[in-house]
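In what follows, a single structure is set out as structure tokens and then discussed.
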Amino acid sequence: MSSAPVSLGKGAWCCDTNSEIPPDKEAEVFEERPSGEILFEGMDTVPPRKNTTHVAVFHEGCRYRVKHDHEVEKVCELKKKLWDGGLGQGHTVNKTVKQTGGNVSVRSVVPTWQQLSIFFAGRLLSDQKTLAEENVPVGIKSLACLDSLKKKPHKESAYWC
């Protein structure tokens with residue numbers, strides 16, 4: 001077992017509605033629930049995703065979901081929608097924890113969408129290309145996003161380790 005503090009764990013955010021995705025709904029929203037649709041040695045598995053209209057992006061420990069047209073919209077438009085929908089605007093996640101006086105996860109603030117950099121498979125994506133032109137799979141749920149002006153990693157950003 002690692003002695004390092006737990007990374008991530010800041011929940012999930014829907015940029016379409018600029019609201020938190022409740023922890024008990026995350027598996028359903030991101031289509032991560034095992035079912036009997038495809039079995040492996042008699043066990044339920046997570047079937048292939050059916051929702052290809054949304055993408056998911058990880059930024060400093062929080063997962064963001066946003067609707068994005070894979071073939072038409074450029075990466076810069078994805079960044080704008082993510083930022084407008086709450087990524088990098090510092091909204092508090094886990095409001096119920098705050099109300100009970102416990103620890104609160106606060107997402108970091110990024111002043112402008114232009115500071116965001118989107119990565120797929122370790123490769124920086126061009127603002128002027130679509131996800132299709134960048135050979136990113138339709139409905140991708142594992143893009144990474146960084147604040148390009150940061151010189152040091154955020155203490156809870158696992159992908160910097």
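Counting lysine pairs in segment 12-153 whose alpha carbons fall under 13 angstrom apart, excluding pairs fewer than 8 residues apart on the same chain, gives 7.
What the Cα convex hull of segment 12-153 gives, in volume per residue, is 139 Å³.
Computed over segment 12-153, relative contact order equals 26 percent, with contacts defined as Cα pairs under 8 Å that lie 6+ residues apart. Seen from LYS67, the other residues with C-beta closer than 10 Å to its C-beta sum to a net charge of -1, counting Lys and Arg as +1 and Asp and Glu as -1. About its Cα centre, the dipole of segment 12-153 is roughly 640 debye, where the only charges are +1 on Lys and Arg Cβ and -1 on Asp and Glu Cβ. Taking Lys and Arg as +1 and Asp and Glu as -1, the other residues whose beta-carbon sits under 12 Å from that of VAL57 total +4. Rounded to whole numbers, the Karplus 3J(HN,Hα) couplings from phi for segment 32-47 are 10, 8, x, 9, x, 4, 10, 9, 10, 6, x, 9, 5, 10, 7, x Hz, using 6.51 cos²θ - 1.76 cosθ + 1.60 with θ = phi - 60°, and x at Gly and Pro. Each of PHE58, PHE30 was scored by other Cβ atoms within 10 Å of its Cβ. Listed from fewest to most, they are PHE30, PHE58.
Throughout, read-outs are computed from the coordinates displayed, never taken from laboratory work. Treat the numbers as computed from the prediction; the structure is a model and nothing was measured. As a convention, Cβ positions derive from the backbone with ideal geometry for all residues, glycine included, and neighbour counts pool all protein chains shown.
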